[in-house]
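See below for the structure under consideration.
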Amino acid sequence: MTAANDNGLADRLAFGVEEAATVMCVGKSTVWRWIHDKRVRSVKLGGRTLIPREELLRLLDAA
């Protein structure tokens with residue numbers, strides 16, 4: 001999983017929407033649309049929406 005290490009995915013369990021957008025090289029609105037369309041699994045923790053690392057890895061593998 002060299003790509004995961006290069007993107008900093010190996011160190012984190014979950015990412016905020018802005019961080020996920022940066023890792024995926026897309027805009028925040030795209031990540032929000034994916035969440036709304038249920039293309040990406042997210043979790044709410046307090047007031048934050050987080051995307052688990054496994055979801056980002058799944059998306060990167062599908063690309």
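Structure notes:
- When D61 is tested against (1) outside any strand (DSSP E or B); (2) surrounded by fewer than 19 Cβ atoms within 10 Å (Cβ to Cβ); (3) under 12 Å from the mean Cα position of the chain (by Cα), exactly one condition is not met: (3).
- Complete set of residues in segment 1-38 that are part of a loop (DSSP other than H, G, I, E, B), modelled with pLDDT of 90 or more and either out of contact with any helix residue (DSSP H, G or I) (no Cβ under 8 Å at 6 or more places or on another chain) or hydrophobic (A, V, I, L, M, F, W, C) (or both): L13, C25, V26, D37, K38
- Scanning segment 12-58 for residues that are under 12 Å from the mean Cα position of the chain (by Cα) and on the phi > 0 side of the Ramachandran plot turns up just one, C25.
The values are calculated or read from the model by the stated rules, or taken from the named source; none is laboratory data. Worth saying up front: this structure is predicted, and the values here are computed from it rather than measured. In this analysis, Cβ positions are derived from the backbone assuming ideal geometry, glycine residues included, and neighbour counts consider all displayed protein chains.
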